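Note sheet for the following structure.
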Amino acid sequence: ILAPIDLFDLIFNHLFVESVTPSSQEQFLVNAPAKYVGITEDSIWSGGNIIGRLGSRTVSPEVLEDLSGSADNGKVYVIDDLIIPPKYTFGELIAEDTTFSRFKDICEDAGLYTESGLQVFGEFPTAFIPTNSALSQYISQGKLPSSESELQSFVKYFFINRTVFTNETVSETVETVSKDVQQSTVFEIVYRNAELDGTYGSLRIKGLGNDTFFDVTDKRNIICNDGIIHQINGVLY
């Protein structure tokens, strides 16, 4: 039994203020409550649909029928399930999904992961989280900072202050949420940059100290309620 406010949320999760035209390529659009929803010509999903309790991807609801001609003030599509908004925060997801466990451990060591969850900075940022194997190799090479403040800067460098999905064509320098200590002053905070490069289905990122770009793995476009997660096959620095 849902309270009236929950019923309103349920309804508005399925409404879009802009025209929606599904195609074979993934689109990531914002619904009426300003939550991201993924759409193709045969599926539609949000964070609550694609992430199960253990972080596994579940089957997306199918778009069964296009009833566009039945409404004179918009388009109507019939789907076989509800669009469920994101259930997890960044912190909750990396705690549930063991493929991010190494990163979670580093966040804890940096004092950024507490009982209240992971401290996230920026406005709905995108996190590019390295695989466990990439972080293990980086640590074995003695490159991981030891002090808490340096670890915090290290963790924050994986968060860019921008929402980006793998359906975009992009080639630009983006701002992370990691402070550039050398460039910042008491009057102005300057943040370290990273480079994004991508076309539809292929997204790469490179840090200032990296010689090459790192690819986003098949763990991509994970919609949390405080941002987006992609997994990458290398460590930014």
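The values are calculated or read from the model by the stated rules, or taken from the named source; none is laboratory data. Just so it is clear, the model here is predicted, and its values are computed rather than measured. FYI the Cβ positions are ideal-geometry reconstructions off the backbone, even for glycines, and counts take in every protein chain you see. To get the accessible areas, we keep the full protein, side chains included, count just its heavy atoms, and leave off ligands, DNA and RNA. Shrake-Rupley method; radii C 1.70, N 1.55, O 1.52, S 1.80 Å.
Taking the criterion of being closer than 14 Å to I106 by Cβ, open to solvent by less than 40 Å² (accessible area, probe 1.4 Å) and aliphatic (A, V, I, L, M), would at least one residue in segment 183-196 satisfy it?
no
For segment 63-112: of the residues being part of a loop (DSSP other than H, G, I, E, B) and open to solvent by 70 Å² or more (accessible area, probe 1.4 Å), which is modelled with the lowest pLDDT?
For segment 63-112, the residue satisfying everything is D72.
Go through (1) at pLDDT 95 or above; (2) surrounded by fewer than 11 Cβ atoms within 10 Å (Cβ to Cβ) for A3 and report which single condition fails.
Failed condition: (1).
From S149, S133, S153, which residue is out of contact with any strand residue (DSSP E or B) (no Cβ under 6 Å at 6 or more places or on another chain) and either within 20 Å of A110 (Cβ to Cβ) or open to solvent by less than 50 Å² (accessible area, probe 1.4 Å) (or both)?
Going through S149, S133, S153 in turn, the sole match is S149.
Kindly establish whether T173 is in contact (Cβ under 8 Å) with a residue 12 or more places away in the chain and farther than 24 Å from D226 by Cα.
So T173 fails the test.
List, please: which pairs have Cβ atoms under 7 Å, are six or more places apart or on different chains, and start with a residue in segment 65-81 that is at negative phi and end with one that is modelled with pLDDT of 85 or more and open to solvent by less than 50 Å² (accessible area, probe 1.4 Å)?
K75/V20; I79/I44
Specify which of the listed residues (N210, N233) is under 21 Å from Y138 (Cβ atoms) and open to solvent by 40 Å² or more (accessible area, probe 1.4 Å).
Exactly one of N210, N233 is under 21 Å from Y138 (Cβ atoms) and open to solvent by 40 Å² or more (accessible area, probe 1.4 Å), namely N233.
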